[in-house]
Amino acid sequence: MKPNFVVLTDFTPAADRVLAYATTLAAPLGAELHLVHVFLPTPITSEYGTVLPIIDVDYVPETRRALERVAAELPVPATAELVESDWQSAVAQSLDKYHPLLLIAGLTATHGQFDEWMSNRAVPLAHQTGYPLLLVPEHLPQSVQHPPRRLAFAVEDRPFRLVPEARAAAPLFDALGTEIITVSVLEPQERAGGWEGLTAAQQCGLAATMPRSGLHKVVGEHPGTGILQAVENLNADMLALLDQGHGWAHKLFSGSVIDHVLRHVRVPVLLLSGHIIVTE
């Protein structure tokens with residue numbers, strides 16, 4: 001099967017930025033883009049109970065034609081598909097159909113965890129599906145709108161393993177020759193550490209060059225702040241994070257490192273599903 005990316009799109013300004021960035025990744029790899037727009041009217045509660053809103057009968061065919069025009073105008077091979085289904089089923093259907101190297105979506109600027117939960121519904125997909133999820137910020141600076149030259153891979157200083165699907169992105173980084181640097185944020189009393197995380201990163205299979213990945217330490221910062229500092233210090237143009245998946249209820253009430261990073265990051269973020277290896 002030809003290498004491909006599945007791009008979740010919704011015709012917002014953020015979606016335009018996602019398509020532009022996805023195109024820059026696809027071109028050097030000779031990959032195809034599959035644009036997917038999910039449509040399912042959301043039930044609303046009225047005095048008569050839960051009902052579906054009235055939808056213009058022309059909406060679906062007009063949206064499908066608009067999406068096809070967008071795909072036809074891209075400078076790389078692309079298809080367009082409007083899926084009338086619930087979000088989870090539509091994504092699962094697309095992944096089963098295309099088996100992409102990446103699942104790509106936009107990252108909308110938000111103001112708090114509830115707003116984030118409502119706006120960025122793609123965020124949990126890395127953990128839910130296992131596929132690598134690339135999130136492209138709505139306000140991506142022009143300076144990083146190119147294939148990644150240096151990726152900062154933030155990990156805990158513990159052994160971990162990526163799920164098999166998360167390693168699907170390896171051909172992309174191999175083809176681009178992306179330099180991948182492992183990042184570890186440490187407490188002051190742990191400043192000599194970082195090596196367990198580095199060893200796990202070197203063995204994780206994210207790219208053929210991973211065994212040669214170096215270690216960049218940030219000491220004495222909050223993990224989220226430290227990761228963002230590392231991206232700046234390294235002049236990285238992409239960030240990868242290990243997503244162990246703690247669920248939205250956990251994130252709403254106690255927050256997480258991933259949430260903090262996603263609210264402030266200015267480079268594309270790759271979420272990789274994996275799990276910590278517990279040793280006796």
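The numbers here are math on the coordinates, done by the rules we state, and not lab data. Keep in mind that what you see is a predicted model, and the values were worked out from it rather than measured. When we count neighbours, we look across all protein chains shown, and the Cβ atoms used for this are built from the backbone with ideal geometry, even at glycine.
Can you tell me the 0 to 90 degree angle between the C-alpha axis of helix 87-98 and the longest principal axis of the chain, rounded to 10? For 87-98 against the chain, the angle is about 80 degrees. Other residues lying with their Cβ under 14 Å from the Cβ of THR12 contribute a combined charge of -1, Lys and Arg counting +1, Asp and Glu -1. The overall shape of the range 143-276 is rounded: from the C-alpha gyration tensor, with semi-axes ordered a ≥ b ≥ c, the ratio a/c is less than 1.5.
The smallest convex shape that holds all Cα atoms of the chain, its convex hull, gives 145 Å³ per residue.
Electrostatic tally near ILE180: other residues with Cβ closer than 14 Å to its Cβ, Lys and Arg +1, Asp and Glu -1, net +1.
Extension gain for the segment LEU40 to HIS139, taken as residue separation times 0.36 nm less the Cα-Cα distance, is 32.9 nm to one decimal.
Full extension of the segment from GLU62 to ASP86, taken as 0.36 nm per residue of separation minus the current Cα-Cα distance, would add 6.7 nm. If you build a Gaussian network model of the chain, linking Cα atoms that sit under 10 Å apart, which residue out of PRO137, PRO100, PRO13 swings the most? Evaluated over the chain, the most mobile residue of the options is PRO13. Rounded to the nearest 0.05, the FRET efficiency derived from the C-beta distance between GLU187 and VAL278 at R0 = 35 Å is 0.95. In the elastic network of the chain, a GNM with C-alpha springs shorter than 10 Å, the most mobile of PRO148, PRO75, PRO223 is PRO75. Bridge orientation summary for the chain: considering DSSP beta bridges with both residues in this region, about 20 percent are antiparallel.
Using a 10 angstrom cutoff on alpha carbons, build the Gaussian network for the chain and name the most mobile of GLN229, GLN145, GLN189. Comparing GLN229, GLN145, GLN189 in a Gaussian network model of the chain, the most mobile one is GLN189. Antiparallel beta bridges, as assigned by DSSP with both residues in the range 143-276, represent about 15 percent of the total such bridges. Placing R0 at 41 angstrom, the Cβ-Cβ distance between GLN229 and HIS99 gives a FRET efficiency of 0.70 after rounding to 0.05.
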